[in-house]
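What follows is a short report on a single structure.
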Amino acid sequence: MPVPNELPTGRRGRHVAGDDIDPAVIYSAAAYDAQPIPTAAEAATDADPTVRRLIAAHPALGTLPRHEHRTLLRGSRIRPLKRQELIFRQGDAASSVALVLEGFVKLSVPLADGGELVLDIAGPGACIGEISVLHARTRGADAAALAPGRLLIIDARQFRQTFDRMPEGLLALLRLASRKLQRATGQLIDSRARSALARLAKTVLQVARLAPSDPHHPGGLGLRLSQGEWGLMAGMSRELVNKHLGVWRDAGWISLSGGTVTSVDIAALEGISGDDQDGDADPG
């Protein structure tokens, strides 16, 4: 899933048959900055209200007692992000865990010909890389910012040592990993079982639930994606995304500004996607 600028025109999908698109659609990843982000100088403490609130609300971090939060933050840093900034690449050493404080991060797998396949979008309150850190493995995906934001960077060794002392927290991390696996499995099933139209509707709904512009008025999107980015997430070409979004706009089901979706009629898109409620809205 995330920003209004269009991606380069070379980002195109490969048609399979008719209006449907190969679910393993390949797009160029060249739009993303290949340079790692610089080391931040800002130290993280639990005096930061955003840090304290999001740690407490996290399904696994929130199980830790307050003194473990302070221990976990020892040596941590807050790192600012620019849109489309590369955070790490698949195969990099898993030297830290990142908690998204602000903004949205795209997780994707690079393909052999230079394209990428989008796996997930992590929003505020979601952790990135915790499983690879616990297993001392290399990164399993690329991570790049979809919008300006901030990350809390937690040292891998400190993270492992903290959770080694807290079996309840480890169980919570295991449950979290299971939910992520369920989402990935659901995406694979959708890529084969749903039409391109239904996949796009489900993708728009996921972003609307992940990034509402106003929690009290459902339907507004706080994350603006280009049509190329919508195509990456839904596994379809930019041209087909443009076609469907135009039809939905004319029907009054979405609002567009500068070619990007700004608000949606959730009930209407639920009818297209076949979903009443989407449990994948949780970014963690």
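The values are calculated or read from the model by the stated rules, or taken from the named source; none is laboratory data. Being a predicted model, the structure only gives us computed values, none of them experimental. For the accessible areas, the whole protein counts, side chains as well, though only heavy atoms, and no ligand, DNA or RNA atoms are used. Shrake-Rupley method; radii C 1.70, N 1.55, O 1.52, S 1.80 Å.
A few comments on the model shown:
- Taking amide hydrogens as placed 1.01 Å from N in the peptide plane, the amide H of GLY220 sits under 5 Å from those of SER213, ASP214, VAL264, each at least 5 positions away in sequence or on another chain.
- Segment 134-284 - percent of accessible surface contributed by carbon and sulfur, probe 1.4 Å: 53
- Interchain or long-range residues, amide H under 5 Å from LEU256's placed H: THR262
- Expressed as a fraction of 2.2 N^0.38 Å, the value expected for a compact globular protein of N residues, the C-alpha radius of gyration of segment 51-156 is 1.06.
- Integer Hz, Karplus 6.51/-1.76/1.60 couplings in order for segment 218-223, x for Gly and Pro: x, x, x, 9, x, 10
- Three semi-axes describe the equivalent ellipsoid of segment 172-233; taken as square roots of 5 times the Cα gyration tensor eigenvalues and ordered largest first, they are 22, 19, 10 Å.
- Placed amide H near ARG194: partners under 5 Å, 5+ positions off or other chain: none
- Heavy-atom accessible area per residue - segment 147-284, 1.4 Å, Å²: 45
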